[in-house]
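To start, the structure under review is shown below, and the notes come after it.
Derivation of every value follows stated rules applied to the coordinates shown; laboratory data play no part. Since the structure is predicted, the reported quantities are computational estimates derived from the model, not experimental observations. We place every Cβ from the backbone using ideal geometry, glycine too, and count neighbours over all the protein chains shown.
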Amino acid sequence: MLYYDNGGGIRDSLRVIARTQDTLAAYWRRATSTQASPPPMPSVDFNREMVIVVATGRRTPEEQIHVDSLLVRPELMPTGRREEQLTIVVRLVVGCGRIRTPAYPVEIVRARRFDGHVAWRHNTERLNCDGAGAGGAGSAAR
């Protein structure tokens, strides 16, 4: 992970793959814009790497977003051909509603570069509101 925050730098729900320095710079500036001393943008070798930016939009401080995993495998495309596809699994942790303050979770992660077809899969996990921590039994794909 390169960066995580919920301070409101990016207020939209989004899923972006940055494959250039300029794209990363634009999202890095937005993501870190609410920091008193924004961290410097990391150095990324875009010949070998890419950066994934995920954000939830308006949530609460107890809610989070994470790039959970990446999977590359052959998939049947609409053209009828099999091609390698990257599936990015994003996990949203949903809170119990105890905190009403707005928050805007965003995570930025580095990954090995992939230039083929990309699909996004979203899993929602609910916090265990009767105790502490996240409850796996409440997880569901959406």
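When H122, H117 are ordered from fewest to most other Cβ atoms inside 10 Å of their Cβ, what list results? Before the final figure, lay out the partial values.
Working: H122 16, H117 13.
Lowest to highest Cβ neighbour count: H117, H122.
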Next item on the list: May I ask for the net charge around R113, where only other residues with Cβ less than 11 Å from the Cβ of R113 are counted and Lys, Arg are +1 while Asp, Glu are -1?
Entry: +1
Margin query: Just to be sure I understand: if I project the alpha-carbon convex hull of the chain onto a plane and average over all orientations, what area do I get in nm²?
Written below: 9.9
Checklist line | Distance in nm between pseudo-label sites at R58 and R29 (7 Å out along the Cβ direction from Cα) | finding: 2.6
Checklist line | Stretchable slack from S13 to S69, in nm (0.36 nm times residue separation minus alpha-carbon distance) | finding: 18.3 nm
